[in-house]
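Enquirer: Here it is, the structure in full.
The values are calculated or read from the model by the stated rules, or taken from the named source; none is laboratory data. All values derive from a computational prediction rather than experimental measurement. Cβ sites come from the backbone with ideal geometry, for glycine too, and all protein chains shown count toward neighbours.
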């Protein structure tokens with residue numbers, strides 16, 4: 001059995017409160033930096049990824065969002081190595097500094113109109129730096145709190161880190177709303193949107209001030225004093241007995257579930273309301289602000305609950321309920337956000353008939369008239385069905401009982417605006433309303449309640465995770481072993497979710513089709529979780545079934 005490191009003095013209650021406050025505040029600020037890009041996705045697209053194809057512009061924005069997530073695993077490897085070799089405290093001081101500088105940089109990049117393709121290239125580089133930084137942040141903060149917490153309160157104490165992730169999203173919305181209120185709309189679209197990015201410099205200074213007050217984790221201090229820190233944490237993460245299974249379970253059975261539910265709740269909700277439902281941007285931000293703020297307390301409640309019932313039960317309950325409620329929740333949101341669209345689609349369904357009816361959302365211009373028509377229907381958020389006919393078949397748009405040949409008129413149109421001017425009146429004549437939606441107050445309350453349901457499902461699958469992952473891995477390689485699967489799962493399964501879901505919606509014409517991605521990932525993750533996550537009351541690593549013969 002591996003020798004146990006010497007035990008150091010337990011931190012005082014005051015020290016633990018400082019640890020939780022400083023770690024949580026830093027996590028809020030760092031996720032604010034990362035999420036402000038998604039909160040301002042519409043303006044980011046117009047500034048750095050302008051396109052005549054509105055759907056392509058949206059996809060390019062989410063591709064830039066996903067690139068940052070794609071580099072999180074590399075950040076996890078790099079900073080996980082440093083965290084296990086040099087210590088928890090100084091490693092996440094580096095990550096928060098890198099994040100703050102990269103975020104402020106986005107606010108300083110000239111528009112694509114000014115410097116052309118260099119603008120999106122610089123933004124992508126800065127997103128990569130953000131992804132690297134975030135790859136080291138969560139693992140550092142989660143482990144730092146977990147290693148200060150008494151075992152019987154580990155879920156409760158670490159739940160503040162999960163709530164802080166939501167807090168970063170909420171803070172990004174608050175800052176945007178305040179800026180919109182203080183800066184005229186035209187000025188905000190022109191330059192005011194940069195202010196939230198530049199604010200990260202102040203948040204960075206505050207975060208550094210708080211975290212510099214902290215001491216190193218007592219667990220790491222004990223290992224360092226005993227000379228038992230890992231020589232190569234990355235290599236040991238894959239050679240330590242039983243760790244391959246634990247990493248697989250952490251990636252697919254834990255992170256896969258929590259990350260897809262989280263991004264579906266908040267970013268798919270954001271994109272769904274702004275896009276197909278055409279809800280006013282300010283209203284959407286208020287809705288997400290209310291739902292996000294209310295949901296934060298549930299992460300803490302679930303973390304505390306997991307200290308009594310174990311880590312697996314809340315995750316399993318949340319995953320099962322997600323499979324049952326995911327589609328009904330979003331159907332309800334759609335019915336409340338834009339009831340006219342749903343009624344019009346039922347009363348006058350849209351069918352496109354013609355030849356070569358294929359649509360490539362990543363193409364700036366569609367090759368065939370039918371593809372061009374599908375592009376405009378997608379940009380308008382109108383659901384449609386396709387009837388692919390033989391070669392050279394005439395293009396016909398059927399809206400309810402009204403059938404209109406469009407082959408010549410669509411082919412003659414040279415811009416997307418001209419094609420929209422042809423298509424939109426045909427839809428409006430059958431009752432479709434393309435005005436910006438401002439739902440009545442009672443509907444807004446209903447949307448908030450439904451998004452809160454998603455927030456609660458996220459809390460069930462996320463609230464206890466920092467404690468669970470800290471307990472799954474040995475202390476000497478904990479930073480690396482926790483961070484690598486977490487950020488692969490969060491980076492690829494979750495970070496690419498807005499892009500994948502938007503692509504599915506664009507290619508099917510069904511605003512709800514992207515939810516199948518979430519459903520499939522959660523279903524697979526549930527099976528893995530039931531197989532690989534230990535049940536029963538929480539136990540330290542040395543006492544778990546998968547690590548019973550190995551000391552911490």
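Enquirer: Looking at the stretch 510-530, which of its residues are over 16 Å from the mean Cα position of the chain (by Cα) and surrounded by 20 or more Cβ atoms within 10 Å (Cβ to Cβ)?
Expert: Across the stretch 510-530, the qualifying residues are 511, 525, 526, 529.
Enquirer: Next question, about the same structure. Could you list all residues from the stretch 162-214 that are under 24 Å from the mean Cα position of the chain (by Cα) and not in a helix (DSSP H, G or I)?
Expert: 193, 199
Enquirer: Checking the condition modelled with pLDDT of 90 or more and closer than 24 Å to residue 500 by Cα, which residue from 288, 294, 301, 270 passes? Can you show your working first?
Expert: Working: 294 fails: closer than 24 Å to residue 500 by Cα; 301 fails: closer than 24 Å to residue 500 by Cα; 270 fails: modelled with pLDDT of 90 or more.
None of the others qualify; the one that does is 288.
Enquirer: Consider residue 505 carefully, then state whether it is assigned by TED's automatic domain parsing to the domain that holds residue 58 and either surrounded by fewer than 17 Cβ atoms within 10 Å (Cβ to Cβ) or farther than 30 Å from residue 386 by Cα (or both). If you could, list the steps in order and put the result at the bottom.
Expert: Working: assigned by TED's automatic domain parsing to the domain that holds residue 58: yes; either surrounded by fewer than 17 Cβ atoms within 10 Å (Cβ to Cβ) or farther than 30 Å from residue 386 by Cα (or both): no.
For residue 505, the condition - assigned by TED's automatic domain parsing to the domain that holds residue 58 and either surrounded by fewer than 17 Cβ atoms within 10 Å (Cβ to Cβ) or farther than 30 Å from residue 386 by Cα (or both) - is not met.
Enquirer: Still on this model: Filter the stretch 99-117 down to residues that are over 23 Å from residue 133 (Cα atoms) and assigned to a helix (DSSP H, G or I), then give me how many there are.
Expert: 4
Enquirer: Among the residues of the stretch 488-517, which ones are in contact (Cβ under 8 Å) with a residue 60 or more places away in the chain and either touching a strand residue (DSSP E or B) at 6+ places or on another chain (Cβ under 9 Å) or not in a helix (DSSP H, G or I) (or both)? Reasoning before the result, please.
Expert: Just the residues of the stretch 488-517 that are in contact (Cβ under 8 Å) with a residue 60 or more places away in the chain, to begin with: 488-499, 501-503, 505-507, 509-512, 514-515, 517.
Hits for the stretch 488-517 are 495, 496, 509, 510, 511, 512, 514.
Enquirer: So, residue 480, is that one at pLDDT below 90 and either within 30 Å of residue 310 (Cβ to Cβ) or buried (at least 24 other Cβ atoms within 10 Å of the Cβ) (or both) or not?
Expert: yes
Enquirer: Something else about it: For the condition modelled with pLDDT of 85 or more and either touching a helix residue (DSSP H, G or I) at 6+ places or on another chain (Cβ under 7 Å) or buried (at least 20 other Cβ atoms within 10 Å of the Cβ) (or both), what is the one hit in 425, 369? Spell out how you get there, then give the answer.
Expert: Working: 425 fails: either touching a helix residue (DSSP H, G or I) at 6+ places or on another chain (Cβ under 7 Å) or buried (at least 20 other Cβ atoms within 10 Å of the Cβ) (or both).
From the options 425, 369, the qualifying one is 369.
Enquirer: If you take just the helices (runs of 4 or more DSSP H) that sit entirely in the stretch 14-86, which of them hold at least 2 residues that are in contact with a strand residue (DSSP E or B) (Cβ under 9 Å, 6 or more places away or on another chain) and at positive phi? Reasoning before the result, please.
Expert: Values: elements: 41-48, 54-70, 72-86.
Of the helices (runs of 4 or more DSSP H) lying wholly inside the stretch 14-86, none has at least 2 residues that are in contact with a strand residue (DSSP E or B) (Cβ under 9 Å, 6 or more places away or on another chain) and at positive phi.
Conditions (1) surrounded by 22 or more Cβ atoms within 10 Å (Cβ to Cβ); (2) more than 16 Å from residue 510 (Cβ to Cβ); (3) modelled with pLDDT of 95 or more, marked per residue:
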| residue | (1), (2), (3) |
| --- | --- |
| 314 | yes, yes, yes |
| 318 | yes, yes, yes |
| 322 | yes, yes, yes |
| 328 | no, no, yes |
| 334 | no, no, no |
| 338 | yes, no, no |
| 342 | no, no, no |
| 348 | no, yes, no |
| 354 | yes, yes, no |
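Enquirer: For the stretch 372-409, what are the residues that are at pLDDT below 85 and farther than 22 Å from residue 510 by Cβ?
Expert: Result: 390, 391, 392, 393, 407, 408.
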